[in-house]
Amino acid sequence: MKHFQIDRSHDNGDHPMNKALLNYYEAIERASQDMLEAARVGNWDHVVKLEGACAVLISQLKHAASQRPLDSEEAQLKSRIMQRILVNDAEIRHLAEPWLEDLDAILAGKPKTVH
């Protein structure tokens, strides 16, 4: 399983907590991009594993975010990162629809249809 490291290489010391927060958002974005790439090739097991990694990062982010708010510039960067994550998520959901329909059919005991 791929581990997503929090990049602290560009910390300048001004607001280390805020840089760490932005690093969490960037790590989640990388994970969502990896999830999208896995979904594009139909590797749903890997998508699920990456989703678990995202859940851990989000939990850590929530804890860190409660410590200090972002300033205006950082909030704008966060917003751009979140928009990219949401675009990735929408495409993953679109790619997953046929797979989920097949799974529902299997669970209901219906024969599989070819897409």
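The values are calculated or read from the model by the stated rules, or taken from the named source; none is laboratory data. None of these values were measured; they are calculated from a predicted model. Ideal geometry is used to build each Cβ from the backbone, glycine not excepted, and the neighbour counts take in all protein chains shown.
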Checklist entry - Given the conditions (1) exposed (fewer than 13 other Cβ atoms within 10 Å of the Cβ); (2) basic (Lys, Arg); (3) closer than 18 Å to residue 28 by Cβ, and given that residue 110 satisfies all but one, which numbered condition is not satisfied? => result (3)
Checklist entry - Taking the condition touching a Leu at 6+ places or on another chain (Cβ under 6 Å) and polar (S, T, N, Q), does residue 88 pass? => result yes
Next on the checklist: Residue under question is residue 35, and the condition is that it be surrounded by 11 or more Cβ atoms within 10 Å (Cβ to Cβ) and modelled with pLDDT of 95 or more; does it hold?
Outcome noted: yes
Checklist entry - Of the numbered conditions (1) at pLDDT below 95; (2) among the polar types (S, T, N, Q); (3) touching a helix residue (DSSP H, G or I) at 6+ places or on another chain (Cβ under 9 Å), residue 23 satisfies every one except a single condition; which is it? => result (3)
Checklist entry - Consider residue 71 against the criteria (1) out of contact with any Lys or Arg (no Cβ under 9 Å at 6 or more places or on another chain); (2) surrounded by 13 or more Cβ atoms within 10 Å (Cβ to Cβ); (3) under 19 Å from residue 19 (Cβ atoms): it satisfies all of them except one. Which criterion is unmet? => result (2)
Checklist entry - When residues of the range 35-74 are filtered for being under 18 Å from residue 103 (Cα atoms), outside any loop (DSSP other than H, G, I, E, B), hydrophobic (A, V, I, L, M, F, W, C) and free of Cβ contacts under 8 Å to residues at least 12 places away in the same chain, how many remain? => result 1
Checklist outcome for this item: Selection from the range 71-85 of residues more than 16 Å from residue 27 (Cβ to Cβ) and under 21 Å from the mean Cα position of the chain (by Cα) yields 75, 76, 79, 83
